[in-house]
């Protein structure tokens, strides 16, 4: 229920928040602010990353997954609560979804991708019956 709620009232992220989220979405593991800075292709300061993380926590896009200890200090590890697909989907209405799907089908020559899409559609149709 929580995810459905956030999809309905999704907030558009700032460029820096989106950069932090992109790194978290691409990572298979939870990350600390310093790990996000090391991974970033941009020149993001640790302060900017921490500021973005605080706001992302406030709006419940991420959560503190763990607290890790290195040397004499502790660091928070963050993980996304909202997937990249949910975030993008929140900006797309039903008409746009149909247009995107139609455009994908019409412009894709990859049989494997089309087969995966067909299986997803068939699975959804069975679930709706």
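Computed from the coordinates by the stated procedures, all read-outs in this text should not be read as laboratory data. This is a predicted model, so every value here is computed, not measured. With ideal geometry, Cβ positions are generated from the backbone for all residues, glycine too; neighbour counts draw on all protein chains shown.
What the Cα atoms of the chain give is an Rg and a Dmax of 18.3, 58 Å. Springs between alpha-carbon pairs under 10 angstrom, Gaussian network model over the chain: which of 105, 20, 88 fluctuates most? Highest fluctuation among the options: 105.
With the convex hull of the Cα atoms taken as the outline of region 66-129, the averaged projected area works out to 7.8 nm². Sorted on the mean count of surrounding Cβ atoms within 10 Å across their residues, most packed first, peptides 79-87, 112-120, 66-74 read 79-87, 112-120, 66-74. Between helix 15-26 and the chain there is an angle of about 70 degrees, using the helix long axis and the longest principal axis of the Cα atoms.
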